[in-house]
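The values are calculated or read from the model by the stated rules, or taken from the named source; none is laboratory data. This is a predicted model, so every value here is computed, not measured. As a convention, Cβ positions derive from the backbone with ideal geometry for all residues, glycine included, and neighbour counts pool all protein chains shown. Keep in mind that these areas ignore ligands, DNA and RNA; they rest on the heavy atoms of the full protein, side chains included. Shrake-Rupley method; radii C 1.70, N 1.55, O 1.52, S 1.80 Å.
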Amino acid sequence: MEKVSFSPLSRLAICGGTHGNEMSGVYMVRELQKLKLDRKGSVSITTVLTNPRAVDACRRYMETDLNRCFTDDLLSAPITDSTPYELRRACELNTQLGPKGSREAVDLLCDIHNTTSNMGICLIFYSSDWIALHIYKYLQRKITSAPVKAILLDTTSSEAYSLESVGKHGFTMEVGPQPNGVLRADIFNMVKEAVDLLIEWLQKFNSGSVFEGGEVEAFTPVRSVDYPRDPTTNDITAAIHPELQDNDYTLLHAGNPVFQSFSGETVEHEGEDLYPVFVNECAYYEKKIAFHLTKKITLTLPSISIKQD
């Protein structure tokens with residue numbers, strides 16, 4: 001593949017608290033603000049506590065999930081008295097960090113989240129963004145304290161619903177396992193290392209370093225699986241099986257146990273071999289998702305560098 005060049009990536013936004021009970025991002029942003037770290041070398045850094053009301057209440061959200069509010073249709077909808085708080089906040093963030101799809105948008109947006117699932121460090125991004133993929137490749141090579149994985153969402157820019165889509169480039173950084181409303185030192189340290197390496201990568205890129213191409217693995221969603229439910233009450237009748245619990249990214253074969261009913265019976269995986277992610281994620285109970293099933297793909301990256309005048 002031919003080398004691809006990009007304009008300087010001089011404006012970085014680091015966001016946390018999009019979900020108000022995911023504490024690593026909240027405290028990473030607060031620490032950066034305390035240090036008054038608004039520039040490092042060639043990179044100007046904007047730090048944003050994105051959902052302050054939910055952070056104060058230590059809740060995922062107040063009225064609706066902020067991280068589902070950034071589609072073009074929602075951002076362009078008129079604001080009325082009945083508009084939920086999070087959608088109003090999404091429009092404010094779009095003005096501050098975007099507008100989405102514009103030349104004025106920040107060059108790179110990193111939105112830090114926690115998951116209760118055993119996902120290690122997982123970057124989530126839309127389409128084959130060479131910048132985000134090269135950052136992922138760099139983090140994967142540099143970080144040895146935890147697995148570094150990526151999930152690639154096949155969604156158009158206009159339908160991209162999460163905060164990172166506001167930047168010219170961007171990704172969600174999911175880090176776990178960590179319970180909601182709790183701050184774990186080991187998980188915070190993973191976030192801090194990843195943020196430090198992200199800034200290091202940007203400085204190297206802006207100084208003219210060429211990042212060689214290569215191959216990386218990523219996961220793409222196939223379908224979501226709900227818990228077994230009582231047909232009358234719709235209550236769940238089983239929990240994640242102990243052999244699946246904490247085994248995100250481990251290939252599921254037909255016949256492998258996935259649920260254990262409250263009466264002790266095992267429910268097995270059916271169909272093609274797929275990789276589970278976000279297994280038993282707390283926030284997905286309301287969405288009726290026990291885990292997502294994904295395929296593993298290999299992506300070939302071109303070499304990239306800064307555009308030369």
Of Glu212, Glu193, Glu174, Glu200, which residue is open to solvent by 10 Å² or more (accessible area, probe 1.4 Å) and in contact with a His (Cβ under 8 Å, 6 or more places away or on another chain)?
Glu174
May I ask you to say which residue of Leu244, Leu293 is surrounded by 16 or more Cβ atoms within 10 Å (Cβ to Cβ) and outside any loop (DSSP other than H, G, I, E, B)?
Leu293
Taking the condition more than 26 Å from Asn67 (Cβ to Cβ), touching a Phe, Trp or Tyr at 6+ places or on another chain (Cβ under 7 Å) and part of a strand (DSSP E or B), does Val258 pass?
no
Residue check for Asp38: more than 14 Å from Gly170 (Cα to Cα) and either at pLDDT 95 or above or among the aliphatic types (A, V, I, L, M) (or both):
no
Log entry, pairs with first residue in region 260-280 being within 14 Å of Asp248 (Cα to Cα) and in the same structural domain as Asp246 (by TED's automatic domain parsing), second being acidic (Asp, Glu) and assigned to a loop (DSSP other than H, G, I, E, B), beta carbons closer than 9 Å, six or more apart or on different chains, reads Tyr275/Asp248; Pro276/Asp248; Val277/Asp248; Phe278/Asp248; Val279/Asp246; Val279/Asp248; Asn280/Asp246
Scanning region 261-273 residue by residue, those in a strand (DSSP E or B), out of contact with any Gly (no Cβ under 9 Å at 6 or more places or on another chain) and open to solvent by 30 Å² or more (accessible area, probe 1.4 Å) turn out to be Thr266, Val267
Would you pick out the residues in region 84-132 that are over 23 Å from Ser24 (Cα atoms), in contact with a strand residue (DSSP E or B) (Cβ under 7 Å, 6 or more places away or on another chain) and among the hydrophobic types (A, V, I, L, M, F, W, C)?
Trp130, Ile131
Given (1) in contact with a helix residue (DSSP H, G or I) (Cβ under 8 Å, 6 or more places away or on another chain); (2) surrounded by fewer than 18 Cβ atoms within 10 Å (Cβ to Cβ); (3) at pLDDT below 95, where does Phe125 come up short, assuming only one miss?
(2)
